[in-house]
1. Determine, yes or no, whether residue 185 is at negative phi, surrounded by 13 or more Cβ atoms within 10 Å (Cβ to Cβ) and assigned to a helix (DSSP H, G or I).
2. With the requirement that a residue be away from the ligand (no atom under 13 Å from the Cβ) and in contact with a strand residue (DSSP E or B) (Cβ under 6 Å, 6 or more places away or on another chain), what does the stretch 2-40 give you?
3. Answer yes or no: is there a residue in the stretch 41-49 that is surrounded by fewer than 15 Cβ atoms within 10 Å (Cβ to Cβ), over 19 Å from the mean Cα position of the chain (by Cα) and either of a type in the set (Ser, Thr, Tyr) or under 22 Å from residue 76 (Cα atoms) (or both).
4. Which number in (1) surrounded by fewer than 21 Cβ atoms within 10 Å (Cβ to Cβ); (2) touching a Ser or Thr at 6+ places or on another chain (Cβ under 6 Å) marks the one condition that residue 160 misses?
5. Being of a type outside the set (Gly, Ala, Ser) and in contact with a His (Cβ under 9 Å, 6 or more places away or on another chain) narrows it down to one of 142, 148, so name that one.
6. Just one of 245, 187 is modelled with pLDDT under 95, aliphatic (A, V, I, L, M) and over 21 Å from residue 148 (Cβ atoms); which is it?
7. If residue 165 satisfies all but one of (1) in a helix (DSSP H, G or I); (2) of a type outside the set (Gly, Ala, Ser); (3) within 16 Å of the ligand (Cβ to nearest atom); (4) over 26 Å from residue 2 (Cβ atoms), what's the number of the condition it fails?
Amino acid sequence: MILVTGATGNVGSEVVRHLVQQGERVRAFSRSGRVPEGAEGAEGFAGDLNSADSVTAALDGMSAVFLLPGYQEMPESLAAMRRSGVERVVLLSSSSIPVPGDRSNAVTRYMLESEDAVRASGLPWTFLRPVGFASNALQWKDQLAAGDVVRAPFAGVRTATIDPYDIGAVAALALRSAQHEGQAYALTGPEALLPADRVRILAEVLDRKLHFEPQPDGEARAEMTAQMPAEYVEAFFSFYVDGTLDESQVRPTVRELTGREPRTFREWAQSAGPQAFSPSGV
Ligand SMILES: NC(=O)c1ccc[n+]([C@@H]2O[C@H](COP(=O)([O-])OP(=O)(O)OC[C@H]3O[C@@H](n4cnc5c(N)ncnc54)[C@H](OP(=O)(O)O)[C@@H]3O)[C@@H](O)[C@H]2O)c1
């Protein structure tokens, strides 16, 4: 049986669906314990990733674990996995890792610390290092509910956004086979898009007249500061304003591993559908 943490999230729910469709037995771990839509047959498990005791309680009978980064007591949770006979761990990391050893950046640091903890555990591992997700467009949901203008930061930054569906597909491969052990996969979608491109595509898919407005850096900084710790605001400004992270390069990894092209932003938007952007939607 395979344990999937973050199982109700954008990525975790895709991991669960891919595994269930491939006939695997899955324990879907999140605080709510919900089984994601389209993954009937998976077993829901309510637990807290910040607690090694809580993770340990979910490990009975698990042969592989899909793990989210950045939670507390990770070394203890990984030690428990090793003791309980888990054979491999697939860690969701990020494209910010190849920034060479820059632990002064808070986002890079928490990803590096997570990778370090997995390496130190002695468990066989695979790291997934995706660029920004297509599903980050769901952050525009409130603006789309309020009107036709999307104001977003970092207007000049191109990202080859990846559909969580494709991260899930690669995760499922790595969870099911020893062939991917010791690999760190850089994962991207098929095209580098500006925020304005994503709004234009969204407008076409939703059949709405949407307009993109670049958010000035000062306004973006104030808004982000209200939502997250200052060190994360600095980390994102370093990535996208100082240009320390380039997520525009399209990589062949998804195609090479899955045998098909990664999904476009348009395909992500079509599968998310208008309900994902409606006030009562997911
Ligand atoms: N967004 C990006 O562009 C990007 C790029 C690279 C890497 N990442 C990494 O990818 C991760 C996952 O992204 P996502 O979009 O799939 O996230 P998401 O949609 O917010 O999902 C998070 C999942 O984790 C669960 N969760 C949260 N806190 C938990 C806790 N304390 N204990 C147990 N479960 C918990 C949530 O369910 P409950 O709320 O029910 O617990 C949910 O299932 C991010 O956190 C980030 O580290 C993101």
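1. Details: at negative phi: yes; surrounded by 13 or more Cβ atoms within 10 Å (Cβ to Cβ): yes; assigned to a helix (DSSP H, G or I): no.
No; evaluated as a whole, the condition is false for this residue.
2. Scanning the stretch 2-40 gives 2, 19, 20, 24, 26.
3. yes
4. (1)
5. Numbers: 142 fails: in contact with a His (Cβ under 9 Å, 6 or more places away or on another chain).
So the residue among 142, 148 that is of a type outside the set (Gly, Ala, Ser) and in contact with a His (Cβ under 9 Å, 6 or more places away or on another chain) is 148.
6. On the way: 187 fails: modelled with pLDDT under 95.
The conditions single out 245.
7. Going through the list (1) in a helix (DSSP H, G or I); (2) of a type outside the set (Gly, Ala, Ser); (3) within 16 Å of the ligand (Cβ to nearest atom); (4) over 26 Å from residue 2 (Cβ atoms), residue 165 breaks only (4).
The values are calculated or read from the model by the stated rules, or taken from the named source; none is laboratory data. From a predicted model like this one, the values you see are computed outputs, not experimental measurements. We place every Cβ from the backbone using ideal geometry, glycine too, and count neighbours over all the protein chains shown.
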